[in-house]
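S.K.: Here you go, one structure.
The values are calculated or read from the model by the stated rules, or taken from the named source; none is laboratory data. As the structure is a computational prediction, the values presented were derived from the model and not from experiment. Cβ sites come from the backbone with ideal geometry, for glycine too, and all protein chains shown count toward neighbours. Areas reflect the complete protein model, heavy atoms only, side chains present, ligands, DNA and RNA absent. Shrake-Rupley method; radii C 1.70, N 1.55, O 1.52, S 1.80 Å.
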Amino acid sequence: MNSKILSVLQGSNIEPSPIWMMRQAGRHLPEYLEVRASAKDFIDFCFTPKKASEVTLQPVRRYDMDAAILFADILLIPIGLGRDVHFEKGIGPILTPITANDILKLTIDGAAERISSVFETVSLVRSELDKDKALIGFCGGPWTVATYMIEGRGSPTKEVAKRFAYNHPEAMSDLLEALVISSADYLIGQAKAGADVLKIFESWSEGLSPYQFETLVMEPTKALIKRVRAAGITVPIIGFPRGAGEKSIIYAQETGINAMAIGTESSLSWAREQLGADFPIQGNLDPLALRIGGSVLRDAVERVLQDANGPHIFNLGHGVSPDVKIENVHAVINHVRGHEANYV
Ligand code: CP3
């Protein structure tokens, strides 16, 4: 394998930076919408390896991205743990909020096995993907997944989940432990099926007190990575503590991740200064600039390239949204690779 992404993750400073985009497979692509329309619902879609592998490969085919990211969701793990999850159009994920008593009944044994059709997707993608493209597997960070399990849906403040952690520390610790064990098994299964890189999406790291960041994010993430490594998995792990601000530095230094994805709100040059010349970083084009296009987007891409200064994977600070124009994704890639870029 001769993947530029893997070289960067091993600490090489490659020019131009290899590129992929979070949510590169999704509703901005007509070929995605076509497959999506043939699926019963979003979860069934994720659990159908033929369809999920097809949409995983679509953005690599169309854009020549340097990596494919497994098409799945961070909320499949609660299904493996015996909770019900569904996705409602226009709202997003809906779960039955978990209680302290329910936490004792989580089906930790075999949780990853119950969602193992995802491993089939991984091996199907790996068998069809060019050798020089990396396949990225992922899971949600234990805290982020716990917020959905406790609150039952996305919430702006996560206050219900934060209160639950303060008021029921034992139940919270049991829930995080269940997520650490099942997510580790899930990542191990993905790596064994052919994922070359793993990524942990801790999307709701913002706004936590130092105490809660330590107990809800740092400790579970360390335990998760330790379990994955203890199973003999050596592939690089990218961490994405979105919105953690200054706390993302100890996250990068102490959890055991090999590279850090930087969200929209932080500066790449600041991250570089804090983490040193050799630490691989990923990010962090403003997704809003990608939606706006034109010279706004050109300038934003230029700033990212100027700020990276070392091992870097070009990406967004968050995901591609449905209103993004295909021409602008092409233009960003061409720009990053030093070719003529036609922004619209
Ligand atoms: O990045 C990729 O292309 C890989 C696949 C992927 C999806 N979700 C597919 C998806 C990944 C890595 C995720 C992670 C995920 N899922 C996160 C963490 C990353 C982040 O965005 O911060 C979170 C918080 C979720 C939970 C989730 N899944 C929400 C809140 C939603 C609804 C929002 C929306 O855009 O509708 C989803 C659904 C979802 N997951 C879609 C996709 C492509 C849209 C579903 C559709 O096609 O209708």
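S.K.: Criterion first (under 30 Å from Gly90 (Cα atoms) and among the β-branched types (Val, Ile, Thr)) does Val235 satisfy it?
M.R.: no
S.K.: Quick check, is Pro156 open to solvent by 60 Å² or more (accessible area, probe 1.4 Å) and at pLDDT below 95?
M.R.: Answer is yes for this residue.
S.K.: How many residues does the stretch 35-84 hold that are more than 10 Å from the ligand (Cβ to nearest atom) and in contact (Cβ under 8 Å) with a residue 60 or more places away in the chain?
M.R.: Here the count works out to 18.
S.K.: Based on this model, can you work out whether Gly110 counts as surrounded by fewer than 21 Cβ atoms within 10 Å (Cβ to Cβ) and closer than 20 Å to Ile238 by Cα?
M.R.: So Gly110 fails the test.
S.K.: Considering only residues that are within 12 Å of the ligand (Cβ to nearest atom) and open to solvent by 50 Å² or more (accessible area, probe 1.4 Å), which ones fall in the stretch 318-334?
M.R.: Residues satisfying the conditions are His318, Pro322, Asp323.
S.K.: Right, something else. Which condition number in (1) within 12 Å of the ligand (Cβ to nearest atom); (2) assigned to a loop (DSSP other than H, G, I, E, B); (3) in contact (Cβ under 8 Å) with a residue 40 or more places away in the chain is the one that Gly90 fails?
M.R.: Exception for Gly90: condition (3).
S.K.: Does Leu175 satisfy the criteria of being in a helix (DSSP H, G or I) and either modelled with pLDDT of 95 or more or open to solvent by 30 Å² or more (accessible area, probe 1.4 Å) (or both)?
M.R.: yes
S.K.: For the stretch 193-224, which residues satisfy the criterion of being assigned to a loop (DSSP other than H, G, I, E, B) and either within 14 Å of the ligand (Cβ to nearest atom) or under 22 Å from Gly154 (Cβ atoms) (or both)?
M.R.: Within the stretch 193-224, Ala195, Ser203, Trp204, Ser205, Glu206, Gly207, Leu208, Ser209 qualify.
S.K.: What's the number of the only condition in (1) within 14 Å of the ligand (Cβ to nearest atom); (2) part of a helix (DSSP H, G or I); (3) open to solvent by 30 Å² or more (accessible area, probe 1.4 Å) that Ala146 fails to meet?
M.R.: Ala146 satisfies all of (1) within 14 Å of the ligand (Cβ to nearest atom); (2) part of a helix (DSSP H, G or I); (3) open to solvent by 30 Å² or more (accessible area, probe 1.4 Å) except (3).
S.K.: For Ala112, indicate whether it is away from the ligand (no atom under 15 Å from the Cβ), under 24 Å from Ala25 (Cα atoms), small (Gly, Ala, Ser) and not in a loop (DSSP other than H, G, I, E, B).
M.R.: Answer is yes for this residue.
S.K.: Something else: Of everything in the stretch 120-143, what is open to solvent by 10 Å² or more (accessible area, probe 1.4 Å) and more than 23 Å from Glu202 (Cα to Cα)? Give them in sequence order.
M.R.: Residues satisfying the conditions are Glu120, Ser123, Leu124, Arg126, Ser127, Glu128, Leu129, Asp130, Lys131, Asp132, Lys133.
S.K.: Which condition from (1) part of a loop (DSSP other than H, G, I, E, B); (2) open to solvent by 10 Å² or more (accessible area, probe 1.4 Å); (3) within 27 Å of Ala271 (Cβ to Cβ) is the one that Lys162 breaks?
M.R.: For Lys162, the exception is condition (1).
S.K.: Also: What are the pairs with Cβ atoms under 6 angstrom where one residue, in the stretch 255-282, is touching a residue at least 24 places away in the same chain (Cβ under 8 Å) and the other, located anywhere, is of a type in the set (Asp, Glu)? Sequence gap at least six, or different chains.
M.R.: Close Cβ pairs (under 6 Å, with a partner that is of a type in the set (Asp, Glu)) amount to Thr264/Asp286; Leu268/Asp307; Ser269/Asp307.
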